[in-house]
Amino acid sequence: MAAGNDGDEIERFMAGLERRNPGQPEFHQAVREVANTVVPFIARNPQYQGAELMERLTEPDRIIAFRVTWQDDAGRMRVNRAWRVQFSNAIGPYKGGLRFHASVTVGVLKFLGFEQIFKNSLTGLPIGGAKGGANFNPQGKSEHEVMRFCQAMMLELHHYIGPDRDVPAGDIGVGKREIGYLFGQYLRLSNRFSGGVITGKGQTFGGSNARTEATGYGTVYFLQNMLATRGEDVAGRVATVSGSGNVALYAIEKLAELGARVVTASDSGGFVHDPEGIAGERLAWLKDLKENRRGRIQEYAERFGCAFHEGKRPWRVPCDFALPCATQNELGGDDAKALLANGVVAVAEGANMPSSLDAIHAFLDARILYGPAKAANAGGVAVSGLEQSQNALRISWPFAEVDERLKTIMRDIHDKCREDGREDDGFVNYVRGANIAGFRKVADALLAYGVV
Ligand code: NDP
Ligand code: 2IT
């Protein structure tokens, strides 16, 4: 990607980072993606030199690690590991989701917290970067077990968060239900109704309209903005989506509403291929399956008589748009080649770091519209920021108003990426644009603060 001195400088920086952070491949990958564009940018902009900005931005302000002890339904004592990675509060209180998944490690949370710094900066709102979570696997746990786990986790976490300090939200395995338990416990421990301490809350206790929809809708708005630059739109086109959680469901909903045909959805068991399109009654059924009944995607194929591909991902299905909305590294170099061979026009990332570095290079080399996660999925955290604002003002904006603000924020992010990502031949490299625009704001704050 980078040549000559730039390449040497990137390798020197990465060698140090990898040495200081052994055994954290996801963190290395997330930093490399940023370093590839930001290290050369710093080399060409003297005002950012000599301040060790990349060194500072890759070292979290602090990491809190703690044990969560809880009791399962059989009365057995269970122990999990949990963390909060407070990465940077240079431009606002720490902000980022909590993930509950068996694969959670401190390295995974560092990759997510690092990405969050740039994403949150891009939203234009005053929010810093953080991420947290636990290696707790919610699958197969009862409602009561999930509640006890959330309460036990908050027993420790509450020491470190607050509306002006650190504001968690949801991520994989943490949705409205878990946020309710976490916030309820915070309320008991603090004896203060500070709504702005956590976002993604239920509507009756300070949650924002459109937060549930925000990440998925925002990803599609970003896609629309990218398409508009080539005089295209989503109507009448075919989309593949992975995942069937919060982000995927509302990406599918918005795509369908705008007239695209969404032909796939997935979970960790495999993907369904529905050539008729997931919309209307079928989408309502899928939402109920995933949001209420907590079932498996295979049941969709059984219910609607379409194909289920066990253990597979949907990237071999021909499409105009691909929206990976499940998890990191779910789209590799070979998947990217298959998508390109089938004529994919645009990729918009709802998940965080879903594409491997090889896949990203393939998309950029092919000069398709590629919207990287930290720009394309920033709508979720942006509406979290709007939830904080509403909590502080003690008001609640109507759905349409939040949705309008979300559209404006996604357009602004898109335009910032375009400005910083335009290459000599006019091609817009949204990866570079997102990284540089996100970096600039945080770097300016760090420079203003002096030695911090
Ligand atoms: P959910 O828990 O609601 O859904 C996650 C979906 O991804 C499920 O369908 C799940 O399947 C699938 N999935 C998770 N892990 C794996 C895996 N290792 N292999 C295959 N499939 C997997 O999470 P969200 O929808 O909230 O999050 C999805 C992605 O979007 C994540 O990358 C998250 O970081 C990112 N994101 C989320 C935001 C939000 O507001 N929620 C905001 C911005 C980004 P199964 O149920 O079988 O595990
Ligand atoms: O990855 C993300 O941006 C999120 N999981 C949402 C974070 C938030 O604070 O809403």
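Can you pull out the residues in segment 318-346 that are out of contact with any Phe, Trp or Tyr (no Cβ under 7 Å at 6 or more places or on another chain), in contact (Cβ under 8 Å) with a residue 60 or more places away in the chain and more than 16 Å from ligand 2 (Cβ to nearest atom)?
Matches in segment 318-346: Pro318, Cys319, Asp320, Phe321.
Enumerate the strands (runs of 3 or more DSSP E) found wholly within segment 220-323, keeping only those where 2 or more residues are of a type in the set (A, V, I, L, M, F, W, C) and in contact with a Lys or Arg (Cβ under 8 Å, 6 or more places away or on another chain).
In segment 220-323, the matching strands (runs of 3 or more DSSP E) lie at 238-241.
Suppose the filter is within 14 Å of ligand 1 (Cβ to nearest atom), open to solvent by 30 Å² or more (accessible area, probe 1.4 Å), in contact with a helix residue (DSSP H, G or I) (Cβ under 8 Å, 6 or more places away or on another chain) and not in a strand (DSSP E or B); does Glu26 pass it?
When the stated conditions are applied, Glu26 passes them.
Would you be able to say whether some residue in segment 236-243 is within 12 Å of ligand 1 (Cβ to nearest atom), within 19 Å of Asp288 (Cβ to Cβ) and modelled with pLDDT of 95 or more? Talk me through it step by step, then tell me what you get.
Filtering segment 236-243 for residues within 12 Å of ligand 1 (Cβ to nearest atom) gives 241-243.
Checking which are within 19 Å of Asp288 (Cβ to Cβ) leaves us with 241, 243.
Next cut, modelled with pLDDT of 95 or more only: 241, 243.
Yes, some residue in segment 236-243 is within 12 Å of ligand 1 (Cβ to nearest atom), within 19 Å of Asp288 (Cβ to Cβ) and modelled with pLDDT of 95 or more.
Given the condition modelled with pLDDT of 95 or more, under 26 Å from Val104 (Cβ atoms) and under 25 Å from the mean Cα position of the chain (by Cα), answer yes or no: does some residue in segment 2-15 qualify?
Yes; the residues of segment 2-15 include at least one that is modelled with pLDDT of 95 or more, under 26 Å from Val104 (Cβ atoms) and under 25 Å from the mean Cα position of the chain (by Cα).
Among the candidates Gly132, Gly162, Gly128, single out the residue that is at pLDDT 95 or above, open to solvent by less than 10 Å² (accessible area, probe 1.4 Å) and within 15 Å of ligand 1 (Cβ to nearest atom).
Selected residue: Gly132, the only one of Gly132, Gly162, Gly128 that is at pLDDT 95 or above, open to solvent by less than 10 Å² (accessible area, probe 1.4 Å) and within 15 Å of ligand 1 (Cβ to nearest atom).
Considering only segment 399-422, I want to know if a residue exists there that is hydroxyl-bearing (Ser, Thr, Tyr) and free of Cβ contacts under 8 Å to residues at least 12 places away in the same chain.
yes
Among the candidates Leu57, Leu53, which residue alone is among the hydrophobic types (A, V, I, L, M, F, W, C) and surrounded by fewer than 21 Cβ atoms within 10 Å (Cβ to Cβ)?
Leu53
For residues in segment 220-257 being touching a residue at least 40 places away in the same chain (Cβ under 8 Å) and hydroxyl-bearing (Ser, Thr, Tyr), which is farthest from Val431 (Cα to Cα)?
Ser244
Write out, first by first residue and then by second, each pair whose Cβ atoms fall under 6 Å of each other, whose residues are 6+ apart or on separate chains, and whose first residue, in segment 167-187, is open to solvent by less than 10 Å² (accessible area, probe 1.4 Å) while the second is near ligand 1 (Cβ under 7 Å from one of its atoms) and assigned to a strand (DSSP E or B).
Close Cβ pairs satisfying both conditions: Ala169/Gly97.
The values are calculated or read from the model by the stated rules, or taken from the named source; none is laboratory data. Only a predicted model underlies this, so the values are computations on that prediction, with no experimental measurement involved. A quick note on method: Cβ atoms are made from the backbone with ideal geometry, for glycine too, and the neighbour counts reach across all protein chains shown. Accessible surface areas use protein heavy atoms only, side chains included; no ligands, DNA or RNA. Shrake-Rupley method; radii C 1.70, N 1.55, O 1.52, S 1.80 Å.
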